[in-house]
Amino acid sequence: MASERLRENLIFLSSLGRYNTERRPVIRQYLDQLLRSEQLGQKEVDVSDVRAFGDQRKSISGGRNTDFNEIFQEILLTLPEDINPQDFQEYLLFRYSHLNEPLEELGYFTIYDLLSFEALLRDAVLEDTGLILSDLHRFESREEYTDFSDIHEPNNQFEQQWQKRIVLDVQAVLREFVEGTLPDDPTFDPDLHEERIETGREILEFLSYSGDRTTTMDFLSNPLFQLGGDRSEIAVPFPEVLLTTAQYRIEEYVSRFESVQKVENHRKGDVVEELAQSLLIRVPNRNFVKGFQFVHDPNPGEADGILFFDSSYWVIEIKSHPIFRKIPNQIELVKRRFTDKVIQAVEQIGTAQDYLESLDDEFGLMYNLTGNKNWASMEAGGIIVLDGFIPTLFSGNERVDQELGVGQVHQHLANDDRVVILTLYDLYQLLQEEEMENIDEFLLWRTGYDKSFPIWGYSEREYWAFYFDNYRDNGEWEEALETAVEKDIVTIYISERFNDKSHLQNLAENR
């Protein structure tokens, strides 16, 4: 795989992806096809090949029958652009900090080292790129935007400048890794310096493409390509993958060591719950109860928390099971894990709500919790918090969810049941939004369409943006969405708030 042809094709596809920002998912999918057919190092790739591939590819909304794996693969291809790498790195450092010591004791690189290495590589490629990142293709019309084959080739100067960014000298990378992770102390033990170099080499090997053509989207797991007969250089064709998909690599890495995996299995519940509780307590509310225990008919039960607002309360269930484990290698597991854990949470939420609704409040429990004498008229719902980040798999529209393959969840919900599913990353990001003080409004709107929610968003942040940027202050939207529900119309929404749409600037000006 270390041929000159492979090098040229990687650089070409990478510059094509950089120049055509909206087409990166198509170009990544084309790279995956070349890798699995072993053609990346054999044939010369030009823009006509990629255009032909894009012309064959249809969008998820195109109406064709697709299975869950195919849909989820397409969704994953856009994931690197949807995550803030610095925020996600901070989350991952906290989430897996309990595994650093067990890994160190075994003599293997730590999660801290892996994330530091990925951050170093990402910064080396994407920081201080100057004009190269501003000189990108911009669509001129809606027809261009919706045509997957509308892919433009950058000029030679652009490709040459980008090549200098994505092809890195291995020795220089290792030196920077050592300098960044060891104290600047001339009296430091030189043996430790050599150990850090060896650690860097181990991480580099772990991140490098394995040549396994049986694995789908292996470049998401192994984003580096070693070049040259002496492997003295590495190429990072899609640097956006670094950090943003690191959780998948961490889970795969941990699974290699039985003793470390046991530590993770034993500790993950407490770690994820602590993370979730530390975020939930920051949500503006009337009251927040952690670890709510009760006895109902006549079994004991416990909710991970309850959030009380002025006119509603929400039972919290936190699920630490890694829905995303084995992504992208075994995507079929995602659907089963997701539905199993969400259904389990729905049932637990229902039990807690039944208990609360059964109270005659003789002892004033609900009044004390809510501060509302008319607490029985409050809306009740549930919030399910999942570990990590995966794109939205539960839209709240039964037909759409059924088509995606997770419609089984709706069998455990009545039409008027209110349930929102958030990931920890969604929750962290939303807490930074200025409208957080109105989250109760958002939750009621998000769950208010009786299994016929008329909007589909990539993540809960997209729904948030739609509500506060469009719906809340525009009365026409209420009627429009009600009409959409009546006609069973679902609209895909991509927000300006959470997505850089500078490449659509010309399109907007030409409207």
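From its DSSP helices (H runs of at least four residues, each -39,500 (n - 2.57)), the chain gives a residue-normalised ellipticity at 222 nm of -14500 deg cm²/dmol.
Computed from Cα atoms, the angle from the helix 47-56 axis to the main principal axis of the chain rounds to 30 degrees. For the pair LEU106 and ARG267, a Förster radius of 22 Å applied to the C-beta separation gives a FRET efficiency near 0.85, rounded to the nearest 0.05.
Keeping all protein chains in place, calculate the accessible area per residue for the chain (probe 1.4 angstrom), answer in Å².
Working: 23330 Å² over 511 residues.
Dividing the accessible area of the chain by its residue count gives 46 Å².
Within the accessible surface of segment 161-243, defined with a 1.4 Å probe on protein heavy atoms only, the carbon and sulfur portion equals 44 percent. Seen against the Cα atoms of the chain and their longest principal axis, helix 4-19 is set at about 40 degrees. Distance from the Cα centroid of segment 450-477 to that of segment 319-397 is 21 Å (rounded to whole angstrom). When each of the peptides 450-457, 10-17, 78-85 is scored by the mean number of other C-beta atoms lying within 10 Å of its residues, the order from highest to lowest reads 10-17, 450-457, 78-85.
DSSP beta bridges in segment 355-511, what fraction antiparallel, as a percent rounded to 5? Don't skip to the answer; put the middle values down first.
Numbers: 1 of 9 bridges.
Around 10 percent antiparallel, to the nearest 5.
Find how much the distance from ASP46 to ARG336 grows on full extension, using 0.36 nm per residue of separation minus their present alpha carbon separation; answer in nm with one decimal. Show your work: numbers first, answer last.
Working: separation 290, 0.36 × 290 = 104.40 nm, distance 3.96 nm.
Answer, rounded to one decimal: 100.4 nm.
Each label point was placed 7 Å from the Cα along the Cα-to-Cβ direction; for ASN69 and ASP128 their separation is 4.5 nm.
Protein-only accessible surface at a 1.4 angstrom probe places the residues ARG231, ARG18 in the order ARG231, ARG18, largest first. Largest first, the residues ASP67, ASP150 sort by 1.4 Å accessible area into ASP67, ASP150. Peptides 283-290, 459-466 ranked from most to least packed by the mean count of surrounding Cβ atoms within 10 Å: 459-466, 283-290. Note on GLU198 and GLU143: the model spin-label points, each 7 Å out from Cα along the C-beta direction, lie 6.3 nm apart.
Candidates SER232, GLN247, ALA276 compared by Cα position along the dipole of segment 228-292: farthest toward the positive end lies ALA276, with charges placed on Cβ. Take the Cα coordinates of segment 389-436, assign each an equal point scatterer, and use the Debye formula without solvent to give log10 I(q)/I(0) at q = 0.15 Å⁻¹. Each listed q corresponds, in turn, to -0.49. For segment 172-244, the Cβ-based charge dipole about the Cα centre amounts to some 440 debye (Lys, Arg positive; Asp, Glu negative; other atoms uncharged). Simple point charges give the picture: +1 on the Cβ of Lys and Arg, -1 on the Cβ of Asp and Glu, and for segment 298-415 a dipole about the Cα centre of about 700 debye. Overall, the chain carries a charge dipole of about 1100 debye about its Cα centre when +1 sits on the Cβ of Lys and Arg and -1 on the Cβ of Asp and Glu, all other atoms neutral. Between the entries (i) 4, 17, 23, 22, 17, 11, 6, 1, 0, 0; (ii) 3, 17, 27, 25, 17, 8, 3, 0; (iii) 3, 13, 15, 11, 10, 11, 15, 14, 7, 2, 0, the label attached to P(r) over Cα pairs in 10 Å bins from 0, in percent calculated for this structure is (ii). With the cut-off at under 16 Å, measuring from each backbone N in segment 191-222 to a point 7 Å along the Cα-to-Cβ line of ARG256 picks out 198-212, 221-222. Extending 7 Å from Cα along the Cβ direction at GLU302 and again at ASN474 yields two label points whose distance is 4.6 nm.
Counting pairs of alpha carbon atoms under 8 Å apart in space and at least six apart in sequence, what relative contact order in percent does the chain give?
Details: 680 pairs, mean separation 79.6, N = 511.
Result for the chain is 16 percent.
For the chain, the longest principal axis of the alpha carbon atoms and the long axis of helix 170-181 meet at an angle near 40°.
Neighbours of GLY371 by Cβ distance under 12 Å: Lys/Arg scored +1, Asp/Glu scored -1, total +1.
The values are calculated or read from the model by the stated rules, or taken from the named source; none is laboratory data. Owing to the predicted nature of the structure, the values given are computational and were not obtained by experimental measurement. Because the Cβ atoms are built from the backbone with ideal geometry, glycine has one as well, and the counts that use them run over all protein chains shown. Only protein heavy atoms, including side chains, enter the accessible area calculation; ligands, DNA and RNA are left aside. Shrake-Rupley method; radii C 1.70, N 1.55, O 1.52, S 1.80 Å.
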